[in-house]
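*Asks:* Would you mind keeping the following structure in view while I ask a few things?
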Amino acid sequence: MKFQEKLEKAIEKNDSLLCVGLDPDIQNLSGEKSQFEFNKKIIDQTATFACCFKPQIAFYAAAGLKGVEDLTRTITYIHNNYPLIPVLLDAKRGDVGHTSEMYAKEAFDFFNADAVTVNPYLGFDSVEPFLNRKDRGVFVLCKTSNPGASDFQGLVIEREPLYIKVAKKSLTWNKKYGNVLLVVGATSPNELMEIRKVVPNMTFLVPGIGAQGGDLKTTLSNGLIKSHSSFSRKRESSKGLIISASRSIIYNSSPRAAAQKLRDEINKYR
Ligand code: OMP
(Lines give C-alpha, C1' and ligand atoms only; values in the text may rest on other atoms or scores of the structure.)
Protein backbone atom coordinates (compact mmCIF):
# COMPACT_ATOMS: atom_id res chain seq x y z
CA MET A 1 0.00 0.00 0.00
CA LYS A 2 1.29 3.48 -0.85
CA PHE A 3 2.14 5.81 2.04
CA GLN A 4 -0.63 8.29 1.22
CA GLU A 5 -3.28 5.54 1.20
CA LYS A 6 -1.99 4.15 4.48
CA LEU A 7 -2.09 7.61 6.02
CA GLU A 8 -5.65 8.23 4.74
CA LYS A 9 -6.81 4.94 6.22
CA ALA A 10 -5.25 5.72 9.60
CA ILE A 11 -6.82 9.19 9.57
CA GLU A 12 -10.25 7.65 8.88
CA LYS A 13 -9.93 4.77 11.32
CA ASN A 14 -8.80 6.83 14.30
CA ASP A 15 -10.61 10.00 13.21
CA SER A 16 -7.29 11.71 13.81
CA LEU A 17 -4.80 14.16 12.34
CA LEU A 18 -2.42 13.67 15.25
CA CYS A 19 1.14 12.50 14.67
CA VAL A 20 2.86 11.33 17.85
CA GLY A 21 6.57 12.18 17.87
CA LEU A 22 8.80 9.53 19.46
CA ASP A 23 11.79 11.55 20.67
CA PRO A 24 12.99 9.82 23.85
CA ASP A 25 15.94 11.56 25.47
CA ILE A 26 18.10 8.86 27.08
CA GLN A 27 18.59 11.19 30.06
CA ASN A 28 14.84 11.18 30.61
CA LEU A 29 13.24 7.79 30.11
CA SER A 30 10.76 8.14 33.01
CA GLY A 31 12.06 5.01 34.74
CA GLU A 32 11.95 2.77 31.65
CA LYS A 33 15.01 0.59 30.91
CA SER A 34 15.47 1.53 27.25
CA GLN A 35 14.25 3.86 24.54
CA PHE A 36 12.33 0.93 23.09
CA GLU A 37 10.51 0.17 26.37
CA PHE A 38 9.73 3.88 26.77
CA ASN A 39 8.34 4.05 23.23
CA LYS A 40 6.36 0.81 23.55
CA LYS A 41 4.41 2.31 26.44
CA ILE A 42 3.74 5.54 24.52
CA ILE A 43 2.75 3.65 21.37
CA ASP A 44 0.34 1.32 23.20
CA GLN A 45 -1.27 4.27 24.98
CA THR A 46 -1.62 6.57 21.97
CA ALA A 47 -2.12 4.30 18.94
CA THR A 48 -5.92 4.67 18.92
CA PHE A 49 -5.62 8.46 18.78
CA ALA A 50 -2.85 8.79 16.18
CA CYS A 51 -2.67 8.76 12.39
CA CYS A 52 1.13 8.52 12.32
CA PHE A 53 4.19 7.92 14.52
CA LYS A 54 7.29 10.03 13.94
CA PRO A 55 10.58 8.92 15.52
CA GLN A 56 13.35 11.53 15.18
CA ILE A 57 16.56 9.69 14.32
CA ALA A 58 18.98 11.94 16.27
CA PHE A 59 17.56 10.86 19.63
CA TYR A 60 18.52 7.26 18.82
CA ALA A 61 21.79 7.84 16.95
CA ALA A 62 23.00 9.94 19.90
CA ALA A 63 22.62 6.85 22.06
CA GLY A 64 24.94 4.82 19.80
CA LEU A 65 24.40 1.26 18.61
CA LYS A 66 21.85 0.55 21.34
CA GLY A 67 19.84 3.58 20.23
CA VAL A 68 19.84 2.43 16.60
CA GLU A 69 18.71 -1.01 17.76
CA ASP A 70 15.93 0.59 19.84
CA LEU A 71 14.78 2.65 16.84
CA THR A 72 14.68 -0.48 14.68
CA ARG A 73 12.72 -2.35 17.37
CA THR A 74 10.33 0.59 17.74
CA ILE A 75 9.51 0.68 14.02
CA THR A 76 9.13 -3.11 13.86
CA TYR A 77 6.86 -3.01 16.91
CA ILE A 78 4.59 -0.45 15.25
CA HIS A 79 4.45 -2.40 11.96
CA ASN A 80 3.66 -5.68 13.77
CA ASN A 81 1.17 -4.40 16.32
CA TYR A 82 -0.42 -1.39 14.62
CA PRO A 83 0.02 -2.17 10.92
CA LEU A 84 -2.47 0.49 9.86
CA ILE A 85 -0.45 3.35 11.33
CA PRO A 86 2.41 4.62 9.16
CA VAL A 87 5.86 5.43 10.51
CA LEU A 88 7.46 8.68 9.39
CA LEU A 89 11.20 8.66 10.07
CA ASP A 90 12.29 12.20 10.79
CA ALA A 91 15.88 12.21 9.47
CA LYS A 92 15.96 15.43 7.37
CA ARG A 93 18.27 13.75 4.86
CA GLY A 94 19.62 15.09 1.56
CA ASP A 95 23.07 15.01 -0.07
CA VAL A 96 24.66 14.63 -3.51
CA GLY A 97 22.78 12.04 -5.57
CA HIS A 98 24.73 8.85 -4.91
CA THR A 99 24.92 9.61 -1.19
CA SER A 100 21.19 10.34 -1.07
CA GLU A 101 20.68 6.88 -2.62
CA MET A 102 22.25 5.49 0.55
CA TYR A 103 20.07 7.71 2.73
CA ALA A 104 16.98 6.40 0.92
CA LYS A 105 18.14 2.83 1.58
CA GLU A 106 18.78 3.72 5.21
CA ALA A 107 15.27 5.11 5.74
CA PHE A 108 13.23 2.74 3.60
CA ASP A 109 15.18 -0.55 3.54
CA PHE A 110 17.16 -0.61 6.78
CA PHE A 111 14.66 1.17 9.05
CA ASN A 112 11.63 0.21 6.93
CA ALA A 113 9.95 3.60 7.40
CA ASP A 114 6.83 4.43 5.40
CA ALA A 115 8.00 8.02 4.91
CA VAL A 116 10.97 10.28 5.63
CA THR A 117 11.67 13.99 6.06
CA VAL A 118 14.07 15.42 3.46
CA ASN A 119 16.07 18.65 3.31
CA PRO A 120 15.82 20.11 -0.24
CA TYR A 121 18.78 22.52 0.07
CA LEU A 122 20.91 20.52 -2.38
CA GLY A 123 18.20 20.48 -5.05
CA PHE A 124 16.50 17.90 -7.23
CA ASP A 125 19.20 15.24 -7.53
CA SER A 126 19.44 15.11 -3.73
CA VAL A 127 15.70 14.45 -3.41
CA GLU A 128 15.26 12.18 -6.46
CA PRO A 129 16.43 8.92 -4.80
CA PHE A 130 13.63 9.37 -2.25
CA LEU A 131 11.07 10.38 -4.90
CA ASN A 132 11.89 7.22 -6.87
CA ARG A 133 10.49 5.14 -4.02
CA LYS A 134 6.93 5.87 -5.05
CA ASP A 135 5.30 3.69 -2.40
CA ARG A 136 6.92 5.81 0.34
CA GLY A 137 6.22 9.39 1.43
CA VAL A 138 8.76 12.21 1.02
CA PHE A 139 8.22 15.15 3.37
CA VAL A 140 10.16 18.13 2.00
CA LEU A 141 11.18 20.80 4.53
CA CYS A 142 9.46 23.98 3.36
CA LYS A 143 9.10 26.35 6.34
CA THR A 144 10.47 24.95 9.59
CA SER A 145 9.25 25.84 13.07
CA ASN A 146 12.54 27.02 14.64
CA PRO A 147 13.53 30.67 15.21
CA GLY A 148 16.37 30.44 12.65
CA ALA A 149 13.95 29.38 9.88
CA SER A 150 13.80 32.92 8.55
CA ASP A 151 17.62 33.17 8.11
CA PHE A 152 17.44 31.39 4.76
CA GLN A 153 13.88 30.14 4.17
CA GLY A 154 12.43 33.64 4.37
CA LEU A 155 14.92 35.27 1.98
CA VAL A 156 13.15 36.97 -0.91
CA ILE A 157 14.38 35.81 -4.31
CA GLU A 158 12.77 37.09 -7.52
CA ARG A 159 10.02 38.72 -5.43
CA GLU A 160 9.07 35.64 -3.45
CA PRO A 161 10.41 33.97 -0.31
CA LEU A 162 12.50 30.85 -0.66
CA TYR A 163 9.86 28.73 1.12
CA ILE A 164 7.37 29.59 -1.63
CA LYS A 165 9.94 28.53 -4.24
CA VAL A 166 10.36 25.25 -2.33
CA ALA A 167 6.57 24.77 -2.24
CA LYS A 168 6.28 25.40 -6.00
CA LYS A 169 9.18 23.09 -6.82
CA SER A 170 7.69 20.37 -4.60
CA LEU A 171 4.41 20.72 -6.50
CA THR A 172 6.28 20.10 -9.77
CA TRP A 173 8.03 17.05 -8.30
CA ASN A 174 4.73 15.75 -7.01
CA LYS A 175 3.14 15.95 -10.47
CA LYS A 176 5.78 13.51 -11.71
CA TYR A 177 6.29 11.25 -8.68
CA GLY A 178 3.05 11.58 -6.67
CA ASN A 179 4.60 11.03 -3.23
CA VAL A 180 5.61 14.53 -2.06
CA LEU A 181 4.37 16.21 1.11
CA LEU A 182 5.64 19.30 2.92
CA VAL A 183 6.84 20.22 6.40
CA VAL A 184 5.44 23.59 7.53
CA GLY A 185 5.82 24.70 11.15
CA ALA A 186 2.90 25.84 13.29
CA THR A 187 4.95 28.76 14.60
CA SER A 188 4.39 30.83 11.44
CA PRO A 189 0.65 30.63 10.66
CA ASN A 190 0.70 33.46 8.08
CA GLU A 191 3.34 31.66 6.04
CA LEU A 192 1.31 28.47 6.42
CA MET A 193 -1.67 30.23 4.82
CA GLU A 194 0.53 31.58 2.00
CA ILE A 195 1.93 28.10 1.31
CA ARG A 196 -1.56 26.55 1.38
CA LYS A 197 -2.61 28.96 -1.41
CA VAL A 198 0.31 27.79 -3.57
CA VAL A 199 -0.24 24.08 -2.86
CA PRO A 200 -3.98 23.68 -2.28
CA ASN A 201 -4.10 19.87 -2.19
CA MET A 202 -0.90 18.68 -0.58
CA THR A 203 -0.67 17.28 2.95
CA PHE A 204 1.61 19.15 5.38
CA LEU A 205 3.32 17.80 8.46
CA VAL A 206 2.96 20.56 11.05
CA PRO A 207 5.34 20.47 14.02
CA GLY A 208 5.49 23.27 16.58
CA ILE A 209 2.28 22.70 18.54
CA GLY A 210 2.79 21.99 22.25
CA ALA A 211 6.31 22.58 23.53
CA GLN A 212 7.17 25.14 20.78
CA GLY A 213 4.03 27.19 21.41
CA GLY A 214 2.26 27.15 18.01
CA ASP A 215 -1.43 28.09 18.11
CA LEU A 216 -3.63 25.14 17.17
CA LYS A 217 -6.77 27.01 16.12
CA THR A 218 -4.98 29.45 13.78
CA THR A 219 -2.85 26.66 12.36
CA LEU A 220 -5.90 24.59 11.49
CA SER A 221 -7.94 27.45 10.11
CA ASN A 222 -5.01 28.57 7.92
CA GLY A 223 -3.88 25.17 6.71
CA LEU A 224 -6.73 22.64 6.54
CA ILE A 225 -8.07 21.61 3.15
CA LYS A 226 -11.77 22.23 3.65
CA SER A 227 -14.17 19.40 2.98
CA HIS A 228 -16.92 20.23 0.46
CA SER A 229 -19.20 17.35 1.28
CA SER A 230 -21.56 19.03 3.73
CA PHE A 231 -24.50 17.38 1.91
CA SER A 232 -23.24 13.83 2.34
CA ARG A 233 -24.76 11.75 5.13
CA LYS A 234 -21.41 10.87 6.66
CA ARG A 235 -19.52 13.71 8.28
CA GLU A 236 -16.46 14.33 6.14
CA SER A 237 -13.87 16.20 8.13
CA SER A 238 -11.30 18.54 6.67
CA LYS A 239 -7.82 17.11 6.16
CA GLY A 240 -4.48 18.07 4.66
CA LEU A 241 -2.55 18.63 7.90
CA ILE A 242 -0.83 16.20 10.22
CA ILE A 243 -0.29 17.88 13.56
CA SER A 244 2.86 16.60 15.19
CA ALA A 245 3.66 16.75 18.91
CA SER A 246 6.47 15.01 20.75
CA ARG A 247 7.46 16.31 24.21
CA SER A 248 3.96 17.50 25.18
CA ILE A 249 2.72 13.91 24.75
CA ILE A 250 5.63 11.62 25.63
CA TYR A 251 6.51 13.49 28.84
CA ASN A 252 2.92 14.04 29.97
CA SER A 253 2.02 12.10 33.13
CA SER A 254 -0.62 10.41 30.94
CA PRO A 255 0.45 10.19 27.28
CA ARG A 256 -2.90 8.54 26.55
CA ALA A 257 -4.89 11.47 27.96
CA ALA A 258 -2.61 14.02 26.27
CA ALA A 259 -2.96 12.33 22.87
CA GLN A 260 -6.73 11.96 23.19
CA LYS A 261 -7.10 15.60 24.26
CA LEU A 262 -5.03 16.93 21.36
CA ARG A 263 -6.74 14.61 18.83
CA ASP A 264 -10.16 15.81 20.05
CA GLU A 265 -9.11 19.46 20.11
CA ILE A 266 -7.90 19.19 16.49
CA ASN A 267 -11.21 17.56 15.51
CA LYS A 268 -13.20 20.44 17.00
CA TYR A 269 -11.86 22.64 14.18
CA ARG A 270 -12.24 20.12 11.34
P1 OMP B 1 8.20 18.89 20.04
O2 OMP B 1 8.53 20.34 20.01
O3 OMP B 1 8.64 18.21 21.29
O4 OMP B 1 6.75 18.61 19.71
O5 OMP B 1 9.08 18.19 18.91
C6 OMP B 1 9.04 18.59 17.58
C7 OMP B 1 9.57 17.51 16.67
O8 OMP B 1 9.34 17.89 15.32
C9 OMP B 1 11.07 17.27 16.79
O10 OMP B 1 11.31 15.90 16.49
C11 OMP B 1 11.67 18.15 15.70
O12 OMP B 1 12.90 17.65 15.22
C13 OMP B 1 10.57 18.06 14.62
N14 OMP B 1 10.44 19.25 13.74
C15 OMP B 1 10.33 20.50 14.28
O16 OMP B 1 10.27 20.70 15.49
N17 OMP B 1 10.26 21.59 13.43
C18 OMP B 1 10.28 21.46 12.09
O19 OMP B 1 10.17 22.46 11.39
C20 OMP B 1 10.36 20.19 11.52
C21 OMP B 1 10.37 19.08 12.35
C22 OMP B 1 10.18 17.78 11.69
O23 OMP B 1 10.61 17.64 10.55
O24 OMP B 1 9.52 16.90 12.23
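The values are calculated or read from the model by the stated rules, or taken from the named source; none is laboratory data. If you're wondering where the values come from, they're calculated on a predicted model, not measured in any experiment. Neighbour counts run over all protein chains shown; Cβ positions are idealised from the backbone, glycine included. The area values use the complete protein model at the heavy-atom level, side chains included, leaving out ligands, DNA and RNA. Shrake-Rupley method; radii C 1.70, N 1.55, O 1.52, S 1.80 Å.
*Asks:* Given a 1.4 Å probe and every protein chain left where it sits, what share in percent of the accessible area of region 24-152 is carbon and sulfur?
*Replies:* Accessible surface attributable to carbon and sulfur in region 24-152 totals 54 percent.
*Asks:* May I pose another question? Add +1 for every Lys or Arg and -1 for every Asp or Glu among the other residues with Cβ under 9 Å from the Cβ of Pro55, and state the total.
*Replies:* Local net charge: -1.
*Asks:* While we're on this one: With the contact rule set at Cα under 8 Å and sequence spacing of 6 or more, what percent relative contact order holds for the chain?
*Replies:* 19
*Asks:* Charges on Cβ only, +1 for Lys and Arg, -1 for Asp and Glu, centred on the Cα centroid of region 116-187; of Val138, Tyr163, Tyr177, which one is farthest towards the dipole's positive end?
*Replies:* It is Tyr177.
*Asks:* Give the separation of the Cα centroids, region 72-106 to region 162-183, in Å.
*Replies:* 20
*Asks:* With an 8 Å Cα cut-off and a minimum separation of 6 or more residues, compute the relative contact order for region 1-60 in percent.
*Replies:* 48
*Asks:* Next question, about the same structure. Ranked highest first by the average count of other Cβ atoms within 10 Å around their residues, in what order do 175-184, 248-257 fall?
*Replies:* Going from most to least packed, we get 175-184, 248-257.
*Asks:* Right, something else. For a bin width of 5 Å, list the pair-distance distribution of the chain built from all Cα-Cα distances, rounded to whole %.
*Replies:* 1, 6, 13, 18, 20, 18, 13, 7, 3, 1, 0
*Asks:* Just to confirm, what accessible area per residue do you get for region 3-268 at 1.4 Å probe, in whole Å²?
*Replies:* So region 3-268 comes to 46 Å² accessible per residue, rounded to a whole number.
*Asks:* With both bridge residues required to lie in the chain, what share of the DSSP beta bridges run antiparallel, to the nearest 5%?
*Replies:* 10
*Asks:* Moving on to the next point. Can you tell me the length gained on complete extension of the stretch Lys217 to Lys268, counting 0.36 nm per residue apart and subtracting the Cα distance?
*Replies:* Using 0.36 nm per residue and subtracting the Cα-Cα distance, I get 17.4 nm.
*Asks:* Determine the calculated [θ] at 222 nm for the chain from helices alone, applying -39500 (n - 2.57) to every DSSP H run no shorter than 4 residues and normalising by the residue count; nearest 500 deg cm²/dmol.
*Replies:* The helix-only estimate for the chain comes to -13000 deg cm²/dmol at 222 nm.
*Asks:* Report the relative contact order of region 142-260, percent, no decimals, based on alpha-carbon pairs under 8 angstrom and at least 6 residues apart.
*Replies:* 21
*Asks:* Starting from the residue with the highest accessible area, list Lys261, Lys165 in decreasing order, probe 1.4 Å.
*Replies:* Result of the area sort, largest leading: Lys261, Lys165.
*Asks:* Further question: Quick one: of the DSSP bridges fully inside region 149-263, what percent are antiparallel, nearest 5?
*Replies:* Once the DSSP bridges in region 149-263 are tallied, antiparallel ones form about 35 percent.
*Asks:* Give, as a single signed number, the net charge of other residues whose beta carbon lies under 12 Å from the beta carbon of Cys142, with Lys and Arg counted +1 and Asp and Glu -1.
*Replies:* Taking every Cβ under 12 Å from that of Cys142, the sum is +3.
*Asks:* So if I place +1 on the C-beta of Lys and Arg and -1 on the C-beta of Asp and Glu, and nothing else carries charge, what would the dipole magnitude of region 3-268 be about its Cα centre? I want it in debye, nearest 20.
*Replies:* Here the size comes out at about 840 debye.
*Asks:* Still on this structure, I have one more. With springs only between Cα atoms under 10 Å apart, run a GNM on the chain and tell me which of Glu191, Glu12, Glu236 wobbles the most.
*Replies:* Checking each option, the largest mean-square fluctuation is seen for Glu236.
*Asks:* How much net charge surrounds Gly178 when only the other residues with a Cβ under 13 Å from the Cβ of Gly178 are counted, with Lys and Arg +1 and Asp and Glu -1?
*Replies:* With Lys, Arg at +1 and Asp, Glu at -1, the neighbours total +4.
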